[in-house]
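Participant: Attaching a single structure in structure tokens format; questions to follow.
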Amino acid sequence: MTQRIALIGNPNTGKTSLFNRLTGSFAHVGNWAGVTIEQKIGQLHGNIGQLIDLPGVYDLDPLSADEAIVSRFLLQEPFDGMFNIIDASQFERNLQLTLQLLEMGRPLQIGLNMVDVAEGRGIHINLERLKERLDVDVFPITARTGAGCEVLLSSLRTTPREPFVLDYGEETEQAIQQILEATGLGERDRWVAIQYLAGNRVISEQLESSTPTVNEIRKALEVKLGRFAHAHITERRRDWTKDVRHHVVDQQGAQQATVTDRIDAVVTHPIWGLPIFFTVLYALFHITFNWIGAPLSDLLDGFLSGPVTSGTSSLLQLLGTSSFIQALLIDGVIAGVGGVLVFVPQIFVLFFFISFLEDSGYMARVAIVMDRFMQLVGLNGKSFIPMIIGFGCNVPGIMAARTVEEERERLVTIFISPFMSCSARLPIYAVFAASFFASNQALVVLSLYMLGIVLALIAAKIFTSVLAAEDRNSLFIVEQPPYRVPQGLTLWRSTWQKAKGFVRKAGTFIFGGSVFIWLLAYSGPAGMDVPMNESFLAMVGGVVATLLVPLGFGTWQAGASLITGFLAKEVVVSTMAIIYAVSESDLSASLLPVFTPLSAYSFMAFVLLYVPCLATVAVIRREVGSAKLTWVASLYGLGVAYVVSLMIYQIGRLFGLS
Amino acid sequence: MSSLLAMPLHQPVLISDLTRIDDRLRRRMIALGFYEGCSVRIKRRAIFSGPLTIEQIEHQQMIAIRRCDAEQIGVIVP
Ligand SMILES: Nc1nc2c(ncn2[C@@H]2O[C@H](COP(=O)(O)OP(=O)(O)O)[C@@H](O)[C@H]2O)c(=O)[nH]1
Ligand SMILES: [Mg+2]
């Protein structure tokens, strides 16, 4: 038996934390509206069914693509029960959604979360009275520590409930009945009529296309009420939530300046907000590369190029394997996969900091700090969050664009996302920065990230004016949740969740790619074991290389690695390691004679911009839903990369750099 | 009645008119507890005419909206 239970609630109420508590797997947790960007499904403990973690919503009427996921889920997908998670410290606001869920009459239980926060603010909720008022089970939980979560799960009930009935007043009740009659719906579907009158877009679309008369019923009601039906309904609901609150909530103690206020006074300071944001970014890279990542990577590299390589090679000799197999494993697999694996520590550290920022609540402030800027290029401050997530990996970044309400802004955000320098590009920078810019690595890497951002903004400006110059609508409203200290365990698990894809890629994609590339480098028109310069790889790379000469890196090696980089950006490093048949630390030495600092920088800029990797193209295709737009989004970067690298190299030379 | 934008920092005011702002913005504000009649105050103004952070005092709920929208929100000083 697999019963399906959905988690529904406002953003930031702890749904994902609860999900992580109740299921074996760990979904990603974040403290900014809309971090749960698609439904995540986990097996409940004890194998009693599946738990589905949905994006947060304030209301069943969707404004953005991620909210539409929830409305569509509730309307179309089969499920057996719901856990409605309520933030006890924002009781009244949360209750508006709860009312709508209760009206649906599906099996429902309430998890009253953040009780610790509420108590800290002197808010006490009387559970018995609440249960009585809502006629539904309520369980106090603390998703952060796990307290009460198992109780909630073990009292899971999937038996049908009677829909909750709130009286909306005589005229409205009549209109509800008329709509039910006109559409042939039964009394159990009363909530559909209410949602229609309340202006729910998804429901309106369905009802008005099947039964156009509902529109007249609503208009007649509005004449009687002398106001919009949705205004009347929201007011009735608000009166009800106020009344419930009045009965069940007991609040004492005056407000005092909270920690959040004090942090906000600094990080969203009118003048210091922006410099602080860039300092945070810089610190993030500095710690990632200079302090933690690089030493760890060196250790790992020492291990891989030392004991692992020599051990494997003596083992292979002992077994008497052919020289072909030996070369394949040592020069192909260990060099290729190892060249990427050594960067795993840095990538973990980067993902750790991104998770930390997401979970702390700072991202919602970034939206404020950046809004003005983003408006200049036709986007809004919210678009900056997908961009930062894209620093980890472009794929979740592009999905996070769903939280941007305006469709035009969402598309443009997706289009510019590949310019966000993802962690897979790090190995490339790390190799080149270490070889050519040893003393200021973090600065060079940061400058590439900035280059990506600046070009993304320029591209956004152009796309916005092409897509819809006249459409100036923009919606900006961002909830500012209180800051929360991210919880160690959750943080580690969400880091692992994101970074494990990278490790898995090393074992599959990059393993296969390395073998293939090595074979191309090992064979040529003349047969097997040819000198590398006469291999198939050199031929293919050579064709591309002629085009790259003006950019400063017109070698077949560079050409070949760029082609293979489409599979995944980090393959560029694997390919180079194979071509030069060295480990990562020696790769630097092999590159020194081939590149100059200037051409190295030009190469890094090219790698940053040229094409999104395969996985990113696939997710763009899914999110924009059009093959033509996918082509545009995937290929315009190539032109940009060429022009930018050309400028860097040629202008640099004019200034006498080399 | 004056506009929310014109209010000094931290001055508690009552929202009296939400009819002039975009329909979707109004709904989202209402869903977040910013309805006509509730008491709010400006907590912060971002630089370069960036968004305003406003607080629904009773709920201790904070949101950020743009100045152009805040200008269209009518308030009265109690
Ligand atoms: N103090 C406290 N914080 C919590 C609790 N549950 C979750 N959080 C924090 O609230 C934030 C949002 O949680 P998340 O699970 O991402 O919420 P979602 O948006 O509903 O999925 C995170 O920083 C959590 O660590 C709780 O019971 N008490
Ligand atoms: Mg979540």
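One line per residue, one yes/no per condition, for (1) under 15 Å from residue A:347 (Cβ atoms); (2) away from chain B (no Cβ under 14 Å); (3) free of Cβ contacts under 8 Å to residues at least 40 places away in the same chain:
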position	(1), (2), (3)
A:267	no, no, no
A:277	no, no, no
A:286	no, yes, no
A:296	yes, yes, no
A:305	no, yes, no
A:311	no, yes, yes
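Participant: Related question: If a residue has to be within 9 Å of chain A (Cβ to nearest Cβ) and part of a strand (DSSP E or B) to count, how many in segment B:53-78 make the cut?
Facilitator: Residues of segment B:53-78 that are within 9 Å of chain A (Cβ to nearest Cβ), as a first pass: B:53, B:55-66, B:69.
Now narrow it down to the ones that are part of a strand (DSSP E or B): B:53, B:55-56, B:61-65.
Counting residues in segment B:53-78 that are within 9 Å of chain A (Cβ to nearest Cβ) and part of a strand (DSSP E or B) gives 8.
Participant: Of all the residues that make up segment A:430-460, how many are of a type outside the set (Gly, Ala, Ser) and over 23 Å from the mean Cα position of the chain (by Cα)? Steps first, answer last, please.
Facilitator: Applying the first criterion (of a type outside the set (Gly, Ala, Ser)) to segment A:430-460 yields A:431-432, A:436-437, A:440-441, A:443-446, A:448-451, A:453-455, A:457-458.
Pick out the ones that are also over 23 Å from the mean Cα position of the chain (by Cα) and you get A:431-432, A:436-437, A:440-441, A:443-444.
Number of matching residues: 8.
Participant: Of the residues in segment A:412-450, how many are more than 17 Å from residue A:613 (Cβ to Cβ) and touching a helix residue (DSSP H, G or I) at 6+ places or on another chain (Cβ under 6 Å)?
Facilitator: Residues of segment A:412-450 that are more than 17 Å from residue A:613 (Cβ to Cβ), as a first pass: A:412-413, A:430-447, A:449-450.
With touching a helix residue (DSSP H, G or I) at 6+ places or on another chain (Cβ under 6 Å) added as a condition, the list becomes A:412-413, A:431-437, A:441-442, A:444-446.
Selection size over segment A:412-450: 14.
Participant: Is it true that residue A:117 is more than 16 Å from ligand 2 (Cβ to nearest atom), part of a loop (DSSP other than H, G, I, E, B) and touching a strand residue (DSSP E or B) at 6+ places or on another chain (Cβ under 9 Å)? I'd like the intermediate steps shown before the answer.
Facilitator: Working: more than 16 Å from ligand 2 (Cβ to nearest atom): yes; part of a loop (DSSP other than H, G, I, E, B): no; touching a strand residue (DSSP E or B) at 6+ places or on another chain (Cβ under 9 Å): yes.
No; evaluated as a whole, the condition is false for this residue.
Participant: Let me ask something additional. Would you mention how many residues in segment A:251-265 are assigned to a helix (DSSP H, G or I) and either in contact (Cβ under 8 Å) with a residue 24 or more places away in the chain or more than 35 Å from the chain's Cα centre (by Cα) (or both)?
Facilitator: So in segment A:251-265, the residues assigned to a helix (DSSP H, G or I) come out as A:259-265.
Filter once more, so that each one left must be either in contact (Cβ under 8 Å) with a residue 24 or more places away in the chain or more than 35 Å from the chain's Cα centre (by Cα) (or both): A:259-260, A:263-264.
Here the count works out to 4.
Participant: With A:491, A:520 as the choices, which residue is buried (at least 17 other Cβ atoms within 10 Å of the Cβ), of a type in the set (A, V, I, L, M, F, W, C) and within 16 Å of ligand 2 (Cβ to nearest atom)?
Facilitator: Working: A:520 fails: within 16 Å of ligand 2 (Cβ to nearest atom).
Only one candidate passes the filter, namely A:491.
Participant: Let me ask another. So, in segment A:581-607, how many residues would count as being open to solvent by less than 10 Å² (accessible area, probe 1.4 Å) and modelled with pLDDT under 85?
Facilitator: 1
Participant: Would you check if residue A:478 is of a type in the set (A, V, I, L, M), farther than 28 Å from residue A:577 by Cβ and more than 14 Å from every other protein chain (Cβ to nearest Cβ)? Don't jump to the end; show me each part of the working.
Facilitator: Numbers: of a type in the set (A, V, I, L, M): yes; farther than 28 Å from residue A:577 by Cβ: yes; more than 14 Å from every other protein chain (Cβ to nearest Cβ): no.
For residue A:478, the condition - of a type in the set (A, V, I, L, M), farther than 28 Å from residue A:577 by Cβ and more than 14 Å from every other protein chain (Cβ to nearest Cβ) - is not met.
Participant: OK, next. For residues that are among the β-branched types (Val, Ile, Thr) and either under 17 Å from residue A:2 (Cα atoms) or touching an Asp or Glu at 6+ places or on another chain (Cβ under 6 Å) (or both), tally how many sit in segment A:152-175. Please lay out each step first, then the result.
Facilitator: The first filter runs over segment A:152-175 and keeps only residues among the β-branched types (Val, Ile, Thr), leaving A:158-159, A:165, A:172.
Next, only the ones that are either under 17 Å from residue A:2 (Cα atoms) or touching an Asp or Glu at 6+ places or on another chain (Cβ under 6 Å) (or both) stay: A:158-159.
So the count comes out to 2.
Participant: Show the residue pairs meeting these rules: Cβ distance below 6 Å; 6+ apart or different chains; first residue within segment A:18-29 and within 12 Å of ligand 1 (Cβ to nearest atom); second residue modelled with pLDDT under 55.
Facilitator: If the second residue must be modelled with pLDDT under 55, the pairs left are A:19/A:27; A:20/A:26.
Participant: Looking at segment A:39-90 only, could you name the residues that are modelled with pLDDT of 85 or more, in a helix (DSSP H, G or I), of a type in the set (Gly, Ala, Ser) and more than 16 Å from ligand 1 (Cβ to nearest atom)?
Facilitator: If the condition is that a residue be modelled with pLDDT of 85 or more, in a helix (DSSP H, G or I), of a type in the set (Gly, Ala, Ser) and more than 16 Å from ligand 1 (Cβ to nearest atom), then A:68, A:71 are the ones that fit.
Participant: Assuming residue A:101 fulfils every condition listed in (1) modelled with pLDDT of 90 or more; (2) more than 14 Å from ligand 1 (Cβ to nearest atom); (3) in contact with a Pro (Cβ under 7 Å, 6 or more places away or on another chain) apart from one, which condition is it?
Facilitator: Unmet condition: (3).
Participant: Okay, moving on. For segment B:28-50, enumerate the residues that are open to solvent by 10 Å² or more (accessible area, probe 1.4 Å), under 22 Å from residue A:405 (Cα atoms) and more than 7 Å from every other protein chain (Cβ to nearest Cβ).
Facilitator: None; the set is empty.
Participant: Among the residues of segment A:608-645, write down those that are within 20 Å of residue A:429 (Cβ to Cβ) and modelled with pLDDT of 90 or more.
Facilitator: Step one: of segment A:608-645, the residues within 20 Å of residue A:429 (Cβ to Cβ) are A:608-613, A:615-616, A:637-638, A:640-642, A:644-645.
Across segment A:608-645, the qualifying residues are A:608, A:609, A:610, A:611, A:612, A:637, A:638, A:640, A:641, A:642, A:644, A:645.
Participant: Using the structure shown, decide if residue A:353 is over 30 Å from residue A:306 (Cα atoms), touching a helix residue (DSSP H, G or I) at 6+ places or on another chain (Cβ under 7 Å), open to solvent by 20 Å² or more (accessible area, probe 1.4 Å) and part of a helix (DSSP H, G or I).
Facilitator: Here the answer is yes, as residue A:353 does meet what is asked.
Participant: Looking at the structure I just gave you, is residue A:467 touching a helix residue (DSSP H, G or I) at 6+ places or on another chain (Cβ under 6 Å) and open to solvent by 60 Å² or more (accessible area, probe 1.4 Å)?
Facilitator: Values: touching a helix residue (DSSP H, G or I) at 6+ places or on another chain (Cβ under 6 Å): yes; open to solvent by 60 Å² or more (accessible area, probe 1.4 Å): yes.
For residue A:467, the condition - touching a helix residue (DSSP H, G or I) at 6+ places or on another chain (Cβ under 6 Å) and open to solvent by 60 Å² or more (accessible area, probe 1.4 Å) - is met.
Participant: Looking only at segment A:47-65, count every residue that is touching a residue at least 24 places away in the same chain (Cβ under 8 Å) and either more than 14 Å from chain B (Cβ to nearest Cβ) or away from ligand 2 (no atom under 16 Å from the Cβ) (or both) and tell me the total. Working first, answer last.
Facilitator: Here is the first cut: in segment A:47-65, the residues touching a residue at least 24 places away in the same chain (Cβ under 8 Å) are A:48-65.
So of that shortlist, the ones also either more than 14 Å from chain B (Cβ to nearest Cβ) or away from ligand 2 (no atom under 16 Å from the Cβ) (or both) come out as A:48-55, A:59-63.
Qualifying residue count for the region: 13.
Participant: Quick test for you: out of A:200, A:126, pick the one residue that is assigned by TED's automatic domain parsing to the domain that holds residue A:220, over 20 Å from residue A:5 (Cα atoms) and not aliphatic (A, V, I, L, M). If you could, list the steps in order and put the result at the bottom.
Facilitator: Working: A:126 fails: assigned by TED's automatic domain parsing to the domain that holds residue A:220.
So the residue among A:200, A:126 that is assigned by TED's automatic domain parsing to the domain that holds residue A:220, over 20 Å from residue A:5 (Cα atoms) and not aliphatic (A, V, I, L, M) is A:200.
Participant: If you don't mind, there's one more thing I want to ask. Cβ contacts < 7 Å: first residue touching a residue at least 40 places away in the same chain (Cβ under 8 Å), restricted to segment B:66-78; second residue surrounded by fewer than 17 Cβ atoms within 10 Å (Cβ to Cβ) and basic (Lys, Arg), any location; separation 6+ or different chain. Result?
Facilitator: Sorted first by the residue in segment B:66-78, then by its partner, the pairs are B:72/B:20.
Participant: Does segment A:638-658 contain at least one residue that is closer than 22 Å to residue A:404 by Cβ, touching a residue at least 60 places away in the same chain (Cβ under 8 Å) and assigned to a helix (DSSP H, G or I)?
Facilitator: As a first pass, look at segment A:638-658 and keep what is closer than 22 Å to residue A:404 by Cβ: none.
No: segment A:638-658 contains no residue that is closer than 22 Å to residue A:404 by Cβ, touching a residue at least 60 places away in the same chain (Cβ under 8 Å) and assigned to a helix (DSSP H, G or I).
Participant: On to the next question. Can you name every residue in segment B:12-26 that is facing chain A (nearest Cβ under 7 Å) and open to solvent by 40 Å² or more (accessible area, probe 1.4 Å)? Steps first, please.
Facilitator: Going through segment B:12-26, the residues facing chain A (nearest Cβ under 7 Å) turn out to be B:22, B:24-25.
The answer is B:22, B:24.
Participant: Mind checking whether some residue in segment A:77-86 is open to solvent by 10 Å² or more (accessible area, probe 1.4 Å) and closer than 24 Å to residue B:60 by Cα?
Facilitator: Within segment A:77-86, not a single residue is open to solvent by 10 Å² or more (accessible area, probe 1.4 Å) and closer than 24 Å to residue B:60 by Cα.
Participant: Continuing with this model, one more query. Would you confirm whether any residue within segment A:365-382 is in the same structural domain as residue A:567 (by TED's automatic domain parsing), open to solvent by 30 Å² or more (accessible area, probe 1.4 Å) and out of contact with any Ser or Thr (no Cβ under 8 Å at 6 or more places or on another chain)?
Facilitator: yes
Participant: Right, next: Hey, any hits in segment A:354-367 for a residue that's farther than 20 Å from residue A:282 by Cβ, more than 14 Å from chain B (Cβ to nearest Cβ) and modelled with pLDDT under 80?
Facilitator: no
Participant: Whether any residue in segment A:608-620 is farther than 24 Å from residue A:516 by Cα, touching a residue at least 40 places away in the same chain (Cβ under 8 Å) and surrounded by fewer than 23 Cβ atoms within 10 Å (Cβ to Cβ) is what I want to check.
Facilitator: Within segment A:608-620, one or more residues are farther than 24 Å from residue A:516 by Cα, touching a residue at least 40 places away in the same chain (Cβ under 8 Å) and surrounded by fewer than 23 Cβ atoms within 10 Å (Cβ to Cβ).
Participant: Of all residues in segment A:6-38 being buried (at least 22 other Cβ atoms within 10 Å of the Cβ), closer than 23 Å to residue A:77 by Cα and more than 10 Å from ligand 2 (Cβ to nearest atom), which is modelled with the lowest pLDDT?
Facilitator: A:22
The values are calculated or read from the model by the stated rules, or taken from the named source; none is laboratory data. As the structure is a computational prediction, the values presented were derived from the model and not from experiment. With ideal geometry, Cβ positions are generated from the backbone for all residues, glycine too; neighbour counts draw on all protein chains shown. With ligands, DNA and RNA removed, areas are computed over all heavy atoms of the protein, side chains included. Shrake-Rupley method; radii C 1.70, N 1.55, O 1.52, S 1.80 Å.
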